[in-house]
Amino acid sequence: MPQTREAENWALVWADEFEKDGVPDPAKWGFASRKSADWACYCADTLATTFVKDGTLYLRGILSQDKADTVKYKTACIQTKDKFSFRYGKVEVRAKLSKGKGSWPAIWLMPQHARYGGWPTSGEIDIMEHLNHDSIIYQTLHSHYIDRMQQKTNPVYFATAPLAVEEYNTYGLEWYPDRLDFFVNGQKTFTYPKIENADSRQWPFDENFFIILDQALGGNWVGTINDKDLPVQMEVDWVRVYQQNSGQQASL
């Protein structure tokens, strides 16, 4: 079957194994700056939230000790924007999460150039999001079709997956020209297909996307933060991107 053939012959095109202590490799990662969006409102470019040690990347959400800053918290927010982006392929991230009221770690993709317009019209691919003390993670798509036209069941735009949150798990995506397949620990959780006669409103997923890793705190979806649960963190063992030779594109 075509899907079986497609799943073969993946070639590694980009990876970070986090082997050098200190700041994440600046050739691969940049700081995702603080913005008004819930996930980014506490972003801080500091070793207190974001560091590599003994082969692991630590992304933390903490109480701020910086009296010169106006925010109560600091969170880790890094991305490959302008350093690495790709169209189609396989992404896998091996990570371990912690739990806490207000904790919201995420592994996700955003468009490098947003050629169809601002959010959500150029798309968003959420490979993993975790809330609070949940024993599930979310895997979700965003687009004009989903978020503006409210087409959320034809096709279904998200799935949840149960797992042992405080253990290492591998979160994955296989991205093809006609569908997005999501995985947890190698098991497919759901498929989001390109519908017949789709335009960019339903399928903006034909442009280059970059990777974001963050450990957010609070916001409308996750709710209030319990300071007693801090710090929380996402530990990342590695990030790997694979591609095949048929029309797949990576940009360094």
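The values are calculated or read from the model by the stated rules, or taken from the named source; none is laboratory data. Please read these numbers as outputs of a predicted model, since none were measured by experiment. For neighbour counting, all protein chains shown are included, and Cβ atoms are generated from backbone atoms with ideal geometry for every residue, glycine included. Just so you know, the surface numbers come from the protein's heavy atoms only, side chains and all, with ligands and any DNA or RNA stripped out. Shrake-Rupley method; radii C 1.70, N 1.55, O 1.52, S 1.80 Å.
Between beta-carbons, use under 12 Å as the cut-off and find the net charge around ASN226, counting Lys and Arg +1, Asp and Glu -1. Surrounding charge for ASN226 is +1.
Think of each Lys and Arg Cβ as +1 and each Asp and Glu Cβ as -1; about the Cα centre, that makes the dipole of the chain roughly 420 debye. Net charge dipole, the stretch 93-241: roughly 140 debye, given to the nearest 20, about the Cα centre with Cβ charges of +1 for Lys and Arg and -1 for Asp and Glu.
Taking a ≥ b ≥ c as the square roots of the eigenvalues of the Cα gyration tensor of the stretch 1-144, is the shape rounded (a/c under 1.5), prolate (a/b larger than b/c) or oblate? Intermediate values should be presented prior to the final figure.
Numbers: a/c = 1.62, a/b = 1.42, b/c = 1.14.
Judged from the Cα gyration tensor, the stretch 1-144 comes out prolate (a/c at least 1.5, a/b above b/c).
What is the Cα centroid distance between the stretch 153-225 and the stretch 34-55, reported in whole angstrom? Value for the Cα centre distance between the two parts: 22 Å.
Extending 7 Å from the Cα toward the beta-carbon at both CYS41 and GLN150 defines two label points whose distance is 2.5 nm. In the chain, Cα pairs under 8 Å separated by at least six residues give a relative contact order of 31 percent. Think of the chain as having a plus end and a minus end, set by charges on the Cβ of Lys, Arg, Asp and Glu; of GLN243, THR75, TRP175, THR75 sits farthest toward the positive end of this dipole.
P(r) tail for the stretch 177-223: Cα pairs beyond 14 Å make up 68% of the total.
The packing ranking, built from the mean of other Cβ atoms within 10 Å per residue, places the peptides 185-191, 105-111 in the order 105-111, 185-191, highest first.
What is the sum of charges around ASP66, taking Lys and Arg as +1, Asp and Glu as -1, for the other residues whose C-beta is under 15 Å from the C-beta of ASP66? Spell out each step's value before the answer.
Details: positive: ARG34, ARG60, LYS67, LYS72, LYS74; negative: ASP45, ASP69.
Local net charge: +3.
Contact order for the stretch 111-252, expressed relative to its length and based on alpha carbon pairs under 8 Å spaced 6+ residues apart, stands at 20 percent.
Tell me the carbon and sulfur percent of the accessible area for the stretch 123-230, rounded to whole percent, probe radius 1.4 Å. Carbon-and-sulfur percentage of accessible area, whole number: 45.
Please report the base-10 log of the normalised intensity I(q)/I(0) for the stretch 106-252, using a Debye sum with one equal scatterer per alpha carbon and no solvent, at each q in 0.08, 0.18, 0.21 (1/Å). Calculated log10 I(q)/I(0) at the listed q: -0.24, -1.18, -1.51. Straight-line cross-link partners of LYS72 among the lysines, defined as a Cα under 18 Å from its Cα and at least 8 positions apart when in the same chain: LYS35, LYS101, LYS228. The spacing between the stretch 8-23 and the stretch 57-127, judged by their C-alpha centroids, is 18 Å. Eigenvalues of the alpha-carbon gyration tensor of the chain, scaled by 5 and square-rooted, set the equivalent ellipsoid semi-axes at 29, 20, 18 angstrom, largest first.
Taking each pair of distinct Cα atoms in the stretch 113-161 once, what is the resulting Kirkwood hydrodynamic radius in Å?
Values: mean 1/r = 0.0851 Å⁻¹.
Final number for the Kirkwood radius of the stretch 113-161 is 11.7 Å.
Here the scattering of the stretch 37-92 is modelled by Debye summation over its C-alpha atoms, one equal scatterer each and no solvent; at q = 0.23, 0.27, 0.28, 0.31 Å⁻¹ the log10 of I(q)/I(0) is -0.97, -1.10, -1.13, -1.22. Close amide H partners of SER98, meaning residues 5 or more places away or on another chain with modelled amide H under 5 Å apart, are GLN233. The local environment of LEU217, defined by Cβ-Cβ distances under 14 Å, has a net charge of +2 under the rule Lys, Arg +1 and Asp, Glu -1.
Hey, how much of the P(r) for the stretch 62-166 falls beyond 23 Å, as a percent of Cα pairs?
Details: 2355 of 5460 pairs.
Cα-Cα pairs in the stretch 62-166 separated by more than 23 Å: 43 percent.
In terms of packing, defined here as the mean over residues of other Cβ atoms within 10 angstrom, the peptides 90-98, 14-22 line up highest first as 90-98, 14-22.
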